[in-house]
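Below is one structure, written out as structure tokens; comments come after it.
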Amino acid sequence: MLVSTRAAMPSRLRPVVPAGHRAFLVLLALAAALRVITMLGYPTARLYWYDSFTYLANAMQPAPSATFHPIGYPLMLRLLWPFHSVELIAAVQHTLGLAIGVLIYLVLRRRSLPGWVAAAATVPPLFDASFLRLEHAVLSDTPFIFLIVAGLSALMWSPRLSVRAATAAGLLFALAALTRTIALPLLVVVLLVLAVQRAGRARLLAVALAGTLPLAAYATWYGTQHGRFALSGADGIALWARTMTFADCTVIRPPRAEAALCPNGTTLDAASEYVWSPEASLNRLPGDRFAHNDLARSFAVRAIVAQPLDYLREVVRDTSIAFSWTPIAHPARTTPAFGFARGQWPLPAYPLVAEVRARYDQDIGAFTSAGPWADLLIAYQYPAYLRGPMLLAILLAGAFGVRRAGLLPWGAAMALLVGPVAVLDFDHRYVLPVIPIACLAAALGLHQAARAVRQRREGAPSAVPE
């Protein structure tokens, strides 16, 4: 009897890593090395005014914020507060960036995709320099992306969704919405897709309850602090800013109280700039801008109802920026597509900055590049950037799978692409959550299309099991 060499080999001498996973593990090791280089090239985490400092301040005194930021990310920062290190925050987020790639790979392998296909789908989130840069910043983007990918992974882990997995997914989406409220419409999209896929009442109910009960609890807490049941105190202001690029009050005919929010002749280069410009009509009203959130929301809804085609035109136009080959210039306040640079950036001289330094991390200092590692990243970021047409191709590839398992990640990707533009504005960093799940959908879609073609050639039915 012939015995294979592998079968006869003692277990301690067999390869530790199965051959099918080697390609991905090589990619993962290279991606980890890039993140080490990022921490060497920029020895401290990047802190942005005012987002980073308000997150850190909220972490030290957890409470519902009346501005744009819900409580999710500050709670993560509070867990890390005992270490008094913003560098640790960056290290944790770099680890989450690697975990995003691992989840995508594992889900695709669970769906029986070849190892090289699953590994290829992880390349953009693992190697795009934009991910490296945002992982290194005290911003909510990376935890948000991880929670979304983890929630989709729970739903897609098994061809037959269990109630336990549905509950876990709902909780993950709730945490994502408490990190960035743009996940709220994503939860609705997930429920609609599961209903279309006939996931079953128990599973739909599990996702719905697990996804909404934590949000309801937070909204109740918010109400005790700010007097209304809500997750944010800036949703109306954001939507009002969106309408400032097209609103015509001769068409809208707002009531007298809202007429003060009509465009006043101030022209800015992006909708989001109207939130902050002292010349915008909102900021000429007495008191703090966030005190006018309800009035701004009422005006914005009235404007969209009166001018739906104008609103749609603006959303389509700004969404299309994501597909430009060369990143379109945007206000200096927003995160640029290419952010690694050489130099030193001192901290702003604000009382909040001093408070954060005194209480969260006394070693916070100027953000400084360190060569040659920074020089390597500066050169790396230009070729290692997912150009707009490439993202469009990935989304189109994902459309091949919308009849099967690819519908869920593809629908989520489209919701995350259009959602931020629909409620505020385009920003290059708002596109990043789209990329990992679009890659997941594209791998499933292309695999399904290839399998269907192969089955047609062989004369077999073209249906592809989920």
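The values are calculated or read from the model by the stated rules, or taken from the named source; none is laboratory data. Since the model is a prediction, treat every value here as computed from it, not as a measurement. Counting neighbours? That spans all protein chains shown, and the Cβs are built from the backbone with ideal geometry, glycine included.
Tell me which residues, restricted to region 112-149, are surrounded by 21 or more Cβ atoms within 10 Å (Cβ to Cβ) and either within 23 Å of L204 (Cα to Cα) or among the β-branched types (V, I, T) (or both).
T122, V138, T142, F144, I145, F146, L147, I148, V149
Of R228, R198, R203, which residue is of a type in the set (K, R) and within 12 Å of A66 (Cα to Cα)?
Criteria check complete, one pass: R228.
With respect to R404, is the statement that it is closer than 15 Å to A443 by Cα, touching a residue at least 24 places away in the same chain (Cβ under 8 Å) and not in a helix (DSSP H, G or I) true?
yes
Give me the helices (runs of 4 or more DSSP H) completely within region 198-260, filtered to those with at least 1 residues that are hydrophobic (A, V, I, L, M, F, W, C) and surrounded by fewer than 20 Cβ atoms within 10 Å (Cβ to Cβ), ordered by residue number.
In region 198-260, the matching helices (runs of 4 or more DSSP H) lie at 201-226, 249-252, 256-259.
All but one of (1) within 17 Å of the chain's Cα centre (by Cα); (2) at pLDDT 95 or above; (3) closer than 22 Å to G401 by Cβ; (4) surrounded by fewer than 20 Cβ atoms within 10 Å (Cβ to Cβ) hold for T95; which doesn't?
(3)
Is it true that A332 is surrounded by fewer than 12 Cβ atoms within 10 Å (Cβ to Cβ), at pLDDT below 90 and under 23 Å from the mean Cα position of the chain (by Cα)?
The answer is yes for A332.
Listed here are the residues, each with its yes/no results for (1) in the same structural domain as V275 (by TED's automatic domain parsing); (2) more than 18 Å from L191 (Cα to Cα); (3) surrounded by 24 or more Cβ atoms within 10 Å (Cβ to Cβ).
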{"site": "L408", "(1), (2), (3)": "no, no, yes"}
{"site": "P433", "(1), (2), (3)": "no, yes, yes"}
{"site": "A441", "(1), (2), (3)": "no, no, yes"}
{"site": "L446", "(1), (2), (3)": "no, yes, no"}
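Inspect all residues belonging to region 360-373 and state whether any of them is without any contact (Cβ under 8 Å) to a residue 40 or more places away in the chain, out of contact with any Gly (no Cβ under 7 Å at 6 or more places or on another chain) and not in a loop (DSSP other than H, G, I, E, B).
no
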